[in-house]
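The values are calculated or read from the model by the stated rules, or taken from the named source; none is laboratory data. Fair warning: this is a prediction, and the values are worked out from it, not measured in the lab. Ideal geometry is used to build each Cβ from the backbone, glycine not excepted, and the neighbour counts take in all protein chains shown. Protein only, heavy atoms only, side chains kept; ligands, DNA and RNA dropped before computing areas. Shrake-Rupley method; radii C 1.70, N 1.55, O 1.52, S 1.80 Å.
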Amino acid sequence: MLVLFYQKIRRTAFAFYDQLRMDDILQILPSDIQVTFDRDKMSIADVIVFNLPFLLQSMDGNLEKQPGQIWVAWSYESEVNYPWMLSGELKLLFDFWMTYHLDADIVLPYYDYTFKEKLLTPSVEKSKDVCMFVSSNVNNSRRQEYLSELMAHIHIDSYGRWRRNCILEGDKGYVSKLDVIKHYKFTIAFENAISPEYVTEKFFDPLIAGSVPVYLGAPDVDKLAPGLHAYIDVRNYDSPKSLAKELQRYCCNRNLYDKLLEWKRQPLNVTLANLIEEQHIHPFIRMAMLAKEKMHKVL
């Protein structure tokens, strides 16, 4: 029996990953894994999974790693937002890292195994031009400054808490968001930080819904794009004004815009298809398998 302590927090990033709550994840773990949220049992747990960005605020006192115990660092966040996560001392504490980085021990991206089918779902007729959902004030990408200038040159329907000018009636969270996005030609997809492979739901949600992401973020986003011309890259424009002019050109030309959705009728980018295939086994199950393998070697 493998005893696993999971650092429970108020919300779980898995809501972005595959819409599973932690209770659902527990149901798919092997039966010989006992999961506890009781901190009093941390000392007897074989494996402890730390949600790293929330570690300092949610764990009181000094943490002591027991002999033979396996520590797993779990993070969905860019290290740009949490630079202390790059600490050499911190890295030495953990046996496995479960993050969005493609070289992580357990890759935990913002897409799941179902995304291949979802991405190729045909888009619906568009009745609106540009929307955005920005709520967090985390602004290490300086997206707020760029968007403020962009909105001076083109109208953007804003449903998030930041610069809100539209109300989402009967908000049911993720489902409602996708239902709104699918009616827009473009969706603002600006990350809160710019770092390699940090490609979040901001990029993937519009692609699923059949809207075109206007992207600011990871410099290597191309390897996670589903096909050619699937998104508008902010880096290709010398100013928000020139970007606005380009978006308006697409919005006014149906034939030109439709070319941005041609990827939905083509095979997925091989790199992304292979990465999605790797998610066939849920990351938490892969983490448990790695932990068992390490424990077996020690014994």
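One residue is enough: does the stretch 204-215 have a residue meeting the conditions crowded, with 21+ Cβ neighbours inside 10 Å and more than 17 Å from LEU268 (Cα to Cα)?
yes
Out of LEU86, LEU102, report the one residue that is under 29 Å from GLU278 (Cα atoms) and at pLDDT 95 or above.
Working: LEU86 fails: at pLDDT 95 or above.
Selected residue: LEU102, the only one of LEU86, LEU102 that is under 29 Å from GLU278 (Cα atoms) and at pLDDT 95 or above.
Tell me, please, whether a residue that is modelled with pLDDT under 80 and not in a strand (DSSP E or B) can be found in the stretch 62-79. Show your work before the answer.
Initially, the stretch 62-79 is screened for residues modelled with pLDDT under 80, giving 62-63.
Subsequent filtering for residues that are not in a strand (DSSP E or B) retains 62-63.
Within the stretch 62-79, one or more residues are modelled with pLDDT under 80 and not in a strand (DSSP E or B).
Only one of PHE115, PHE96 is within 15 Å of the chain's Cα centre (by Cα) and in contact (Cβ under 8 Å) with a residue 60 or more places away in the chain. Can you tell me which?
Numbers: PHE96 fails: within 15 Å of the chain's Cα centre (by Cα).
Among PHE115, PHE96, only PHE115 is within 15 Å of the chain's Cα centre (by Cα) and in contact (Cβ under 8 Å) with a residue 60 or more places away in the chain.
Looking at SER136 and the list (1) of a type in the set (Gly, Ala, Ser); (2) in contact (Cβ under 8 Å) with a residue 60 or more places away in the chain; (3) under 24 Å from LEU108 (Cα atoms), which single condition is not satisfied?
Tallying (1) of a type in the set (Gly, Ala, Ser); (2) in contact (Cβ under 8 Å) with a residue 60 or more places away in the chain; (3) under 24 Å from LEU108 (Cα atoms), SER136 fails exactly one: (2).
Can you name the residue in the stretch 245-266 that is without any contact (Cβ under 8 Å) to a residue 12 or more places away in the chain and either open to solvent by 100 Å² or more (accessible area, probe 1.4 Å) or part of a loop (DSSP other than H, G, I, E, B) (or both) and, of all such residues, is nearest to MET98 (Cα to Cα)? Reasoning before the result, please.
First, pick out the residues of the stretch 245-266 that are without any contact (Cβ under 8 Å) to a residue 12 or more places away in the chain: 249, 252-256, 258, 265.
Checking which are either open to solvent by 100 Å² or more (accessible area, probe 1.4 Å) or part of a loop (DSSP other than H, G, I, E, B) (or both) leaves us with 249, 252-255, 265.
Numbers: ARG249: 42, CYS252: 44, ASN253: 44, ARG254: 43, ASN255: 43, ARG265: 33 Å.
So, considering only residues that are without any contact (Cβ under 8 Å) to a residue 12 or more places away in the chain and either open to solvent by 100 Å² or more (accessible area, probe 1.4 Å) or part of a loop (DSSP other than H, G, I, E, B) (or both), the one nearest to MET98 (Cα to Cα) is ARG265.
Go through the stretch 221-244 and report how many residues are assigned to a helix (DSSP H, G or I), open to solvent by less than 50 Å² (accessible area, probe 1.4 Å) and under 30 Å from ASP112 (Cα atoms). Give the steps one after another, and end with the answer.
Going through the stretch 221-244, the residues assigned to a helix (DSSP H, G or I) turn out to be 221-224, 234-236, 240-244.
Next cut, open to solvent by less than 50 Å² (accessible area, probe 1.4 Å) only: 221, 224, 234, 240, 242-244.
Imposing the further condition that a residue be under 30 Å from ASP112 (Cα atoms) reduces the set to 221, 224, 234.
Final tally of qualifying residues: 3.
Under 8 Å by Cβ, and 6 or more places apart or on different chains, what pairs join a residue from the stretch 275-290 that is farther than 13 Å from ASP105 by Cα and open to solvent by less than 50 Å² (accessible area, probe 1.4 Å) with one that is assigned to a helix (DSSP H, G or I) and modelled with pLDDT of 95 or more?
Note: pairs meeting the criteria are LEU275/LEU224.
Just give me the residues in the stretch 62-93 being of a type in the set (Phe, Trp, Tyr) and over 20 Å from the mean Cα position of the chain (by Cα), in sequence order.
Of all residues in the stretch 62-93, those of a type in the set (Phe, Trp, Tyr) come to 71, 74, 76, 82, 84.
Of everything in the stretch 62-93, those that are of a type in the set (Phe, Trp, Tyr) and over 20 Å from the mean Cα position of the chain (by Cα) turn out to be TRP71, TRP84.
Can you work out which of the residues in the stretch 81-123 that are of a type in the set (Val, Ile, Thr) and exposed (fewer than 14 other Cβ atoms within 10 Å of the Cβ) is nearest to ALA193 (Cα to Cα)?
Narrowing the stretch 81-123 to residues of a type in the set (Val, Ile, Thr): 99, 106-107, 114, 121.
If we keep only those that are exposed (fewer than 14 other Cβ atoms within 10 Å of the Cβ) as well, we get 114, 121.
Details: THR114: 26, THR121: 29 Å.
Result: THR114.
Hey, among the residues in the stretch 163-188 that are of a type in the set (A, V, I, L, M) and part of a helix (DSSP H, G or I), which one's least open to solvent (accessible area, probe 1.4 Å)? Quick ask: steps written out before the conclusion?
Step one: list which residues in the stretch 163-188 are of a type in the set (A, V, I, L, M), which gives 167-168, 175, 178, 180-181, 188.
Now narrow it down to the ones that are part of a helix (DSSP H, G or I): 175, 178, 180-181.
Numbers: VAL175: 103, LEU178: 30, VAL180: 21, ILE181: 2 Å².
Applying the filter and picking the extreme gives ILE181.
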